[in-house]
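Have a look at the structure below, then the notes.
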Amino acid sequence: MKDVIIVGAGLAGLNAAHRLKKAGLSVMVIEARDRVGGRNFAHHLADGNILEMGGQWIGPTQTRMYELCEELGLETFPTYNEGKVLVYNDGKKSLMGSDKDALPKLNVFALLSLGRAMKKVEQLQEGLDLEKPWNHPNAEYLDGESLESWVRKHVRFKAAKDYFRLVSEAVFSTEAKDMSMLHFLFYLKSGGGIESLLNTDEGAQEDRIKGGTQQISIKLAERLGKDVVLNCPVHRIEQSENSIKIYSGIQVWEGKKGIVALPPTLAGRISYNPPLPGVRDQLTQRIPAGSVIKIQVVYESPFWRKLDLNGQVASFTGPVKVVLDNSLHNDSRGVLVMFMEANKGRQASEWTAKEREAKTIDSLVNFFGEEAKGYVEYIEKDWMNEEFTRGCYGGHFTPGVWTAFGKHLRKPIDHIHWAGSETSSVWNGYMEGAVRSGERAADEIIRLLKELI
């Protein structure tokens with residue numbers, strides 16, 4: 001019998017395992033896929049270089065991610081950010097600065113409307129406790145509103161409204177109508193504010209990791225050795241008075257405690273005996289994953305830089321709405337990374353691969369001109385169709401969830417503890433949040449087991 005059995009070998013599960021081992025406890029990590037890393041995934045080009053098809057950026061205040069890179073001997077480098085950002089709206093192009101305080105070029109009245117709305121958002125965040133968002137003075141009202149309904153009430157001009165809708169798609173990969181306003185506020189505060197989440201300069205997209213972020217999970221798993229088991233989808237968890245059993249096919253692992261380090265929607269698909277309390281099960285039914293296809297297009301050179309563009313695009317029309325320069329470190333080729341998200345992502349998931357490729361290139365031609373047709377390689381990853389992910393970037397809280405079910409998000413159930421980026425109060429939904437959540441769940445168990453000694 002192990003001290004702790006962990007379900008999921010992503011950043012949350014693997015960091016929980018290392019925290020527990022450092023405390024002298026025995027662990028076993030069970031992973032459904034044939035690889036570790038969860039929502040981090042490295043695509044190997046023909047020459048061995050890596051393009052990241054999952055989570056890839058880190059930025060200021062994501063201290064645990066930077067500490068992990070240092071501990072594991074990994075280096076970071078800055079995301080390319082020299083030149084102008086291209087804003088595309090109804091067939092019209094405008095340019096915006098790449099510094100963190102830059103704003104899109106909107107009608108002066110729309111800009112004023114946007115500024116007032118942003119100020120309201122900042123004020124609403126002030127009374128929000130990241131550990132207990134449901135205790136916000138206006139929690140019931142805010143959780144009863146979707147981001148869309150709030151925007152319709154408080155933002156006057158269409159261009160300013162569309163800005164918030166674009167933020168919803170770019171940050172959450174969901175429609176503004178599908179997300180609680182309270183969750184929107186929580187998420188912004190969790191990640192240091194809207195500018196922090198959106199920006200490259202001093203923002204969440206500031207740095208990349210040489211060789212890709214999946215290396216973190218690979219190196220952590222190597223240290224754990226035989227304590228990581230792949231190709232074992234967990235279908236059942238049983239609890240008794242003194243232990244927990246994890247089932248995958250005919251294999252069974254027994255431990256004193258367990259950590260389920262999966263997105264809520266996947267955790268809810270496991271069979272539990274005894275059954276989970278109804279409120280916990282209903283919680284998992286109400287945290288859907290975002291809808292996103294991540295796409296990378298490789299060119300012989302980063303031709304957009306000749307145009308004094310940094311490769312970043314914010315488009316108010318799809319199917320591609322967000323683009324960044326994702327060129328490899330010390331490589332002459334140019335790479336653009338982009339996303340089809342929310343409704344556009346769901347629609348694109350039903351197209352053929354050839355249709356998605358053609359529509360992607362059409363979008364890039366609209367943004368950067370005819371030279372965008374001369375690409376070398378096209379790579380895509382539809383995270384909605386990943387069996388053991390079922391969507392990215394993370395789960396979002398629909399209206400009413402925080403106030404009705406929020407207190408059950410991290411609450412252990414007998415021997416089961418919960419981890420995953422959706423459970424983190426800091427940098428929720430990001431790699432940083434995943435790391436912190438695993439360490440938090442591990443610390444809960446360490447305290448409990450020490451009390452038994």
Point to revise | Cα centroid separation - region 198-237 against region 1-37, whole Å | key: 12
Practice item. Give the residue from 423, 130, 398 lying farthest towards the positive end of the charge dipole for the chain; charges sit on Cβ (+1 for Lys and Arg, -1 for Asp and Glu) and the dipole is referred to the Cα centre. Key: 398
Study note, to complete from the structure: Among 93/161; 120/177; 158/321, the pairs whose Cα-Cα distance exceeds 24 Å are none
Exercise for review: Sum up the charges of everything whose Cβ sits under 15 Å from the Cβ of residue 330, counting Lys and Arg as +1 and Asp and Glu as -1, but leave residue 330 out.
Suggested key: -1
Check your understanding: Taking the C-alpha atoms of region 261-411, how large are the radius of gyration and the largest Cα-Cα span, Dmax, in Å?
Key -> 19.4, 63
Review point. What fraction of the Cα pairs in the chain, stated in percent, has a spacing above 39 angstrom?
Key: 20
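Ignoring ligands, DNA and RNA, what percent of the 1.4 Å accessible area of the chain is carbon and sulfur?
Values: 9160 of 18630 Å².
The nonpolar share, carbon plus sulfur, comes to 49 percent.
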**Study point:** region 252-369, dipole about Cα centre (Lys/Arg Cβ +1, Asp/Glu Cβ -1), debye to the nearest 20
**Key:** 380
Study note, to complete from the structure: If each part is reduced to its alpha-carbon centroid, region 168-192 and region 299-313 end up apart, in Å, by 30
Review point. What is the magnitude of the charge dipole of region 165-243 about its Cα centre, with +1 placed on the Cβ of each Lys and Arg, -1 on the Cβ of each Asp and Glu, and no other charges, expressed in debye to the nearest 20?
Key: 240
**Study point:** Mean accessible surface per residue for region 195-256, computed with a 1.4 Å probe while every protein chain stays in place, in Å²
**Key:** 47
Review point. Counting Lys and Arg as +1 and Asp and Glu as -1, what is the net charge of the other residues whose Cβ lies under 15 Å from the Cβ of residue 291?
Key: +2
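May I ask you to give the solvent-accessible area per residue for region 297-413, in square angstrom, as obtained with a 1.4 angstrom probe?
On the way: 4760 Å² over 117 residues.
Spelled out: the 1.4 Å probe surface of region 297-413, per residue, equals 41 Å².
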Exercise for review: Choose one of 224, 24, 6: the residue whose Cα lies farthest towards the positive end of the charge dipole of the chain (beta-carbon charges +1 Lys, Arg; -1 Asp, Glu; about the Cα centre).
Suggested key: 6
Check your understanding: Rounded to a whole number of µm²/s, how large is the Stokes-Einstein D of region 369-453 at 20 °C and 1.002 mPa s, given Rh as the Kirkwood radius over C-alpha pairs?
Key -> 134
Point to revise | Among beta bridges that DSSP assigns inside the chain, antiparallel share in %, nearest 5 | key: 70
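By the scheme Lys and Arg +1, Asp and Glu -1, what is the net charge of all other residues having a beta-carbon under 9 Å from that of residue 268?
Numbers: positive: 269, 280; negative: 281.
Charge balance in the 9 Å sphere: +1.
With charges set only on the Cβ (+1 for Lys and Arg, -1 for Asp and Glu), what does the dipole of the chain come to about its Cα centre, in debye to the nearest 20?
Working: 57 positive and 59 negative charges, 170 e Å.
For the chain, the charge dipole is close to 820 debye.
What whole-number volume per residue, in cubic angstrom, does the convex hull of the C-alpha atoms of region 200-347 give? Walk me through the numbers on the way to the answer.
Values: hull volume 29.5 nm³, N = 148.
That works out to 199 Å³ per residue.
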Practice item. Have a look at 441, 141, 193 and report the one farthest towards the positive end of the charge dipole of the chain, computed about the Cα centre with Cβ charges (Lys/Arg +1, Asp/Glu -1). Key: 141
Check your understanding: For the pair residue 235 and residue 63, how long in nm is the line joining their label points, each one 7 Å along Cα→Cβ?
Key -> 4.4
Review point. For the residue pair residue 34 and residue 96, what label-to-label distance in nm results when each label sits 7 Å from Cα along the Cα-to-beta-carbon direction?
Key: 4.2
Exercise for review: Using a 1.4 angstrom probe, figure out how much accessible area region 37-163 has per residue, in square angstrom, rounded to the nearest whole.
Suggested key: 52
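The values are calculated or read from the model by the stated rules, or taken from the named source; none is laboratory data. Computed from a prediction, not measured in an experiment: that's the story for all the values here. Positions of Cβ are backbone-derived with ideal geometry, glycine not excepted, and every protein chain shown enters the neighbour counts. Side chains are part of the model used for accessible areas, which takes the heavy atoms of the whole protein and leaves out ligands, DNA and RNA. Shrake-Rupley method; radii C 1.70, N 1.55, O 1.52, S 1.80 Å.
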